[in-house]
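Peer 1: One structure coming up, written as structure tokens, with questions to follow.
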Amino acid sequence: MSTRPPRSGLRPASRLLLGLAVLALPATAVAATATTGGRAPAEHPHPAHATAARASSGLDDPEKKEIAMQLVSSAENSSLDWKAQYGYIEDIGDGRGYTAGIIGFCSGTGDMLDLVERYTERTPDNVLARYLPALREVDGSDSHEGLDPGFPRDWERAADDPEFTRAQDEERDRVYFDPAVRRAKADGVGTLGQFAYYDAIVMHGDGGDSASFGSIRENAMRHAKPPAQGGDEKRYLHAFLDARVKAMKEEEEAHSDTSRVDTAQRVFLDRGNLDLDTPLDWKVYGDPYHVG
């Protein structure tokens, strides 16, 4: 497991409140905004129309979503086999307690608690239910009190239950994937931009601190307009990745490696692969990966 920066200490529901106004934009509004400013002959559509078309589908296409999961897993788990990570759990020393599962649910940031609560609603007698009081107590800290020594073992046991893996998928989508994709579509960016948003929310959360996704996006917009505001997509995404790298470097030294941006997302952008089409070749922490 590679180290990664801690997310915001806010509970997931709180982290996402800041973006609700943007997330609520209907697809028609996004398309309308993305196509303002100038008209082109019918046989030569305005570039914004192509941007809106990409943003209307994108990362939530099943094949693209699979690629997104492999990309994140290469950075989070040094493996393309993201489905092997349901039972993963360890304390990586980032101040967020235990990190576990397919998206790095943390005992100290609330998303692990939300996951176990969802699982327990469906399967009340599951092996993790007895840890709910402890998870509520350690939320917001790096403490293992009430979790050791049995929690890691029982997490791995729970990963054999299809209801638990389904709960992980649903919480990943509810808290991270779906909000990131909606926000990116509202900004008029295509599949690569949607992935850049998703990876940023996974790592940084969407709280109010200077390293959160919302702050990264705001910093990017100070340098370039997103396509929905009439800006150039590649220029905006470069600005977003610049702001992302800056946020990563401002965090503690153990989490300052920016290769998941520099030798992955930036490579795709430099090649003009805004649709995240395969084949894809990238590196994370010096390790090469290929999907195609």
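Peer 1: Any residue in the stretch 150-175 that's within 17 Å of CYS106 (Cβ to Cβ): show its pairings with residues that are buried (at least 16 other Cβ atoms within 10 Å of the Cβ) and basic (Lys, Arg) at Cβ separation under 7 Å, as long as the two are six or more apart or on different chains.
Peer 2: Pairs that qualify, where the first residue is within 17 Å of CYS106 (Cβ to Cβ) and the partner is buried (at least 16 other Cβ atoms within 10 Å of the Cβ) and basic (Lys, Arg), are ALA167/ARG118; GLU171/ARG118.
Peer 1: For the stretch 184-203, name all the residues that are charged (D, E, K, R) and either closer than 21 Å to VAL267 by Cα or surrounded by fewer than 24 Cβ atoms within 10 Å (Cβ to Cβ) (or both).
Peer 2: ASP199
Peer 1: Among the residues of the stretch 98-126, which ones are outside any helix (DSSP H, G or I), farther than 17 Å from ASP142 by Cα and either of a type in the set (Phe, Trp, Tyr) or open to solvent by 20 Å² or more (accessible area, probe 1.4 Å) (or both)?
Peer 2: Passing the criteria: THR123, PRO124, ASP125.
Peer 1: Check off (1) in a loop (DSSP other than H, G, I, E, B); (2) under 18 Å from the mean Cα position of the chain (by Cα) for GLY95 and give me the number that stays unchecked.
Peer 2: Checking GLY95 against (1) in a loop (DSSP other than H, G, I, E, B); (2) under 18 Å from the mean Cα position of the chain (by Cα), the one that fails is (2).
Peer 1: Hey, another quick one. Of everything in the stretch 244-259, what is part of a helix (DSSP H, G or I), open to solvent by 10 Å² or more (accessible area, probe 1.4 Å) and either within 22 Å of GLY188 (Cβ to Cβ) or among the charged types (D, E, K, R) (or both)? Give them in sequence order.
Peer 2: The answer is LYS246, LYS249, GLU250, GLU253.
Peer 1: Testing ARG130 on (1) more than 21 Å from PRO162 (Cβ to Cβ); (2) open to solvent by 30 Å² or more (accessible area, probe 1.4 Å), one condition comes back false. Which one is that?
Peer 2: (1)
Peer 1: When the stretch 164-211 is examined, which residues are found to be over 19 Å from ASP242 (Cα atoms) and β-branched (Val, Ile, Thr)?
Peer 2: Once the filter is applied, which keeps residues that are over 19 Å from ASP242 (Cα atoms) and β-branched (Val, Ile, Thr), the stretch 164-211 yields THR165, VAL175, VAL181.
Peer 1: If a residue has to be open to solvent by 10 Å² or more (accessible area, probe 1.4 Å), of a type in the set (Gly, Ala, Ser) and modelled with pLDDT under 95 to count, how many in the stretch 56-97 make the cut?
Peer 2: Matching residues across the stretch 56-97 total 5.
Peer 1: The conditions are (1) among the charged types (D, E, K, R); (2) crowded, with 21+ Cβ neighbours inside 10 Å; (3) modelled with pLDDT of 95 or more, and ASP206 fails exactly one of them. Which is it?
Peer 2: (3)
The values are calculated or read from the model by the stated rules, or taken from the named source; none is laboratory data. From a predicted model like this one, the values you see are computed outputs, not experimental measurements. Note that each Cβ is placed from the backbone with ideal geometry, even for glycine, and that neighbours are counted across all protein chains shown. Calculation scope for accessible area: heavy atoms of the full protein, side chains included, ligands and nucleic acids excluded. Shrake-Rupley method; radii C 1.70, N 1.55, O 1.52, S 1.80 Å.
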